[in-house]
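Structure first, commentary second.
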Amino acid sequence: MVVASAEMLSQTTINGLSIVLGANAQAIEKTLNQATIKKRLDIQTSYVFAENWQQGMGASIAAGVTSLNEKYTHVFIGLADQVAICAEQCNLMLTKSRTHPNNIVAAIYNGKLGAPAIFPRIYFAQLAALSNDKGARDILREHVATVLGVDLPEAAKDIDTQSDLLSYISGITLDK
């Protein structure tokens, strides 16, 4: 899923890709390298190890944001387990962010704002302080007045277990 997600993002207009790893980091990085992912990506790609990955998605987001080069004005937070999202949808979000650079752009699915989401630099400190399993959802709620939503029902389809993966492969809907 990480390889597929990275390859999908390489087909978008993002300027750089940081792949945040936690559990099984060495094995995943090895798989990515064996898939020659860096050779196929036209964008600068780096790996970031989230030392506190056990704390949840927030810790992984914090590690990724903390590692960003100062040249980046925005961060696109995408999740490898959201398998139904495509490059066209990400490009739609990126275009909206470039048109409204001071706003957060976030997916709307199941009546909620969530990932993928694009945050301007002004929110980097809040993102870097995350440490729980909620990810950035509280930041989205706190700044809802500045969030531009993009209807993305595909974001509701995520793979959390092997059963989810088998269901997705066999074509069963995974709306959560």
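Dividing the summed -39500 (n - 2.57) terms of all DSSP H runs of n ≥ 4 by the residue count of the chain sets its mean residue ellipticity at 222 nm at -9500 deg cm²/dmol.
For the chain, the number of Lys pairs with C-alpha atoms closer than 18 Å, counting only pairs eight or more positions apart or on separate chains, is 8. If the elastic network links every pair of Cα atoms under 10 Å, which of Phe76, Phe119, Phe49 fluctuates the most in the Gaussian network model of the chain? Maximum fluctuation in the GNM of the chain, among the listed residues, is at Phe49. The charge dipole of the chain, taken about its Cα centre with unit charges on the Cβ of Lys, Arg, Asp and Glu (plus for the first two, minus for the last two), comes to roughly 380 debye. Between Val144, Val48, Val83, the GNM of the chain built on Cα springs shorter than 10 angstrom shows Val144 fluctuating the most. Among beta bridges identified by DSSP and lying wholly in the chain, the antiparallel ones come to about 45 percent. Once the Cβ-Cβ distance between Thr13 and Asp138 is put in as r, and R0 is 22 Å, what FRET efficiency do you end up with, to the nearest 0.05? That gives a FRET efficiency of 0.20. Percent of Cα pairs in the chain per distance bin of 5 Å, from zero to the largest separation: 1, 8, 17, 21, 23, 18, 8, 3, 0.
We did not get these values from a lab; they are worked out from the coordinates using the rules stated. Small disclaimer: the values here were computed from a predicted structure and weren't measured. Here the Cβ is made from the backbone with ideal geometry for all residues, glycine too, and neighbour counts use every protein chain on show.
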